[in-house]
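Accompanying notes for the structure given below.
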Amino acid sequence: MKLTDLDHRPLVVAAVTPLTESGATLDLEAVAPYVAFLESHGADGVFACGTTGEGVLLSLDERRRVTAAFRDAVSGALIMHAGAQNTADTVTLAAYAAEIGADAVAVIPPPYFALDADALIAHFVAAALACAPLPFYCYAFTARSGYPLPVEVIRRIGASVGNLAGLKVSESPFERVEPYLGLGLPVLIGSEPLIADAIARGALGTVSGMAAAFPDVVRTALDAADESSSIRLRTLRSAMEASGQFVAATKHVLGIRGVAVGHGMRAPLRGLTSSEASALDAAVAEFLAPAAA
């Protein structure tokens, strides 16, 4: 499935990874019901093992297994996040995505070491070639990689491979998003409050972490792409981030909505305290009342 072929703005959900209550093992049986919930509330696809999916905390085998489970369950697009700390692991995951019939691969710059342009290009080109001809997305998220993905690096990657298909851009504020919109590539926005501004400047759609728990809210806002929808998304994101535990908050809300993904978190991430959970319940009540699952 090509996101550019849709007759509407694509909503790709940056999905959580269902784990057992201890967080130590995958809960693969929870994947299909979770995907059914997402698709019934407007999702066009799933972004597996990204930030919201705790991807970098999972082993390579776990990332392969949970992505395969998502592939079996997702009727729309499946983008596998193959970003890893080193090039060899990234290449392994990218090649696996092609093997199981994913629709695209995305890679974020490896965290910790701030790579220069030549090192970044070599890393991304190796990943893109490993999954070719599968569509390949560069993933820009300075807050998680620790350093930016320069526009010129993306241009050089595109000149080196034939399958650079687009970008996932989770930068903020909007001034940091704008340069990527000028590359002539489809852009999927990661920061939901910036969706309207980005759509107005030619962005294709969104890969949304908030949609992991609120696909209906993000779907409505993406379709409207106006100031009032931006305000609503900003309010919701503030509520989800208030505890500093966004992924745990997402799993908590899914539990409220009757989606059995469990509250387990992969250490060193933690779950919500009782007071954090109570505060979250109150903050998101208005978003749940009109659109309960």
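Expressed as an acute angle from 0 to 90° and rounded to the nearest 10, what is the orientation of the C-alpha long axis of helix 117-131 relative to the principal long axis of the chain?
Once rounded, the angle reads 80 degrees.
What trypsin sites (Lys or Arg not before Pro) does segment 80-166 have in DSSP loop regions with at most 16 other beta carbons within 10 Å?
none
Could you rank the peptides 183-191, 32-40 by their average count of other C-beta atoms within 10 Å per residue, with the highest value first?
Values: 183-191: 21.9, 32-40: 18.4.
Per-residue Cβ counts within 10 Å, averaged per peptide and sorted highest first, yield 183-191, 32-40.
In degrees from 0 to 90, rounded to the nearest 10, what is the angle of the helix 31-40 Cα long axis to the longest principal axis of the chain?
Between the helix axis and the principal axis of the chain, the angle is about 80 degrees.
First measure r as the distance between the Cβ atoms of R201 and R156, then evaluate 1/(1 + (r/R0)^6) with R0 = 22 Å and state the FRET efficiency to the nearest 0.05. Don't skip to the end; give the middle numbers.
Working: r = 23 Å, r/R0 = 1.06.
With a Förster radius of 22 Å, E is 0.40.
What's log10 of I(q)/I(0) for segment 156-239 at q = 0.17 Å⁻¹, Debye sum over Cα points only, no solvent?
One equal scatterer on each Cα of segment 156-239 leads to -0.64.
Say each of S274 and E241 gets a label point 7 Å from the Cα, pointing the same way as Cα to Cβ; how far apart are those two points in nm?
Distance between the two pseudo-spin positions: 2.9 nm.
I need the P(r) histogram for the chain: all alpha carbon pairs, bin width 5 Å from 0 out to the longest distance, whole percents.
P(r) over the chain, rounded to whole percents: 1, 6, 13, 18, 20, 18, 14, 8, 3, 1, 0.
About the Cα centre of the chain, how large is the charge dipole given +1 on each Lys and Arg Cβ and -1 on each Asp and Glu Cβ? Please answer in debye to the nearest 20.
On the way: 20 positive and 30 negative charges, 50 e Å.
The calculation lands at about 240 debye.
Given a Förster distance of 45 angstrom, what is the FRET efficiency for D61 paired with I231, based on the Cβ-Cβ distance and rounded to 0.05? Before the final figure, lay out the partial values.
Values: r = 43 Å, r/R0 = 0.95.
The pair D61/I231 has a calculated efficiency of 0.60.
Working out 0.36 nm times the residue gap between L6 and E21, then minus their Cα-Cα distance, what length gain in nm do you get to one decimal? Don't skip to the end; give the middle numbers.
Working: separation 15, 0.36 × 15 = 5.40 nm, distance 3.72 nm.
Taking L6 through E21 to full extension adds about 1.7 nm, to one decimal.
Could you list E21, E192, E276, E54 in order of exposure, starting from the residue whose Cβ has the fewest other Cβ atoms within 10 Å? Could the numbers behind the result be given before it?
Numbers: E21 12, E192 25, E276 18, E54 21.
If I rank by nearby Cβ atoms, fewest first, I get E21, E276, E54, E192.
Would you kindly work out the equivalent ellipsoid of segment 97-198 from its C-alpha gyration tensor and give its semi-axes, the square roots of five times the eigenvalues, largest first in whole Å?
21, 16, 13
Quick check: the angle from helix 274-288's long axis to the longest principal axis of the chain, C-alpha only, nearest 10 degrees?
Helix 274-288 sits at roughly 90 degrees to that axis.
Taking only Cα atoms and a 10 Å spring cutoff, compute GNM fluctuations for the chain and point out the largest among A165, A196, A114.
In the Gaussian network model the winner is A114.
Which residues among segment 236-278 fall inside the zone where the amide N is under 19 Å from a point 7 Å beyond the Cα of A32, along Cα→Cβ?
259-262
Tell me what the chain gives for mean residue ellipticity at 222 nm when only DSSP H runs of n ≥ 4 count, each as -39,500 (n - 2.57), the sum divided by the residue total, rounded to 500 deg cm²/dmol.
On the way: 12 runs with 131 residues, N = 293.
Helix contribution divided over all residues of the chain: -13500 deg cm²/dmol.
Rounded to the nearest 5, what is the percent of antiparallel bridges among the DSSP beta bridges in the chain?
Numbers: 1 of 27 bridges.
Of the beta bridges lying entirely in the chain, close to 5 percent run antiparallel.
Gap in Å between the Cα centre of segment 119-170 and the Cα centre of segment 202-248?
That distance is 25 Å.
What ranking of D116, D226, D197 emerges when the number of other C-beta atoms within 10 Å of each C-beta is taken as an exposure proxy, fewest first? Walk me through the numbers on the way to the answer.
Working: D116 11, D226 14, D197 19.
Ordered from fewest to most neighbouring Cβ atoms within 10 Å, D116, D226, D197 come out as D116, D226, D197.
No value in this document is a laboratory result; all are computed from the given coordinates. Everything numeric here is computed off the predicted structure, so don't read it as measured data. Every residue, glycine among them, receives a Cβ derived from its backbone with ideal geometry; neighbour counts consider all protein chains shown.
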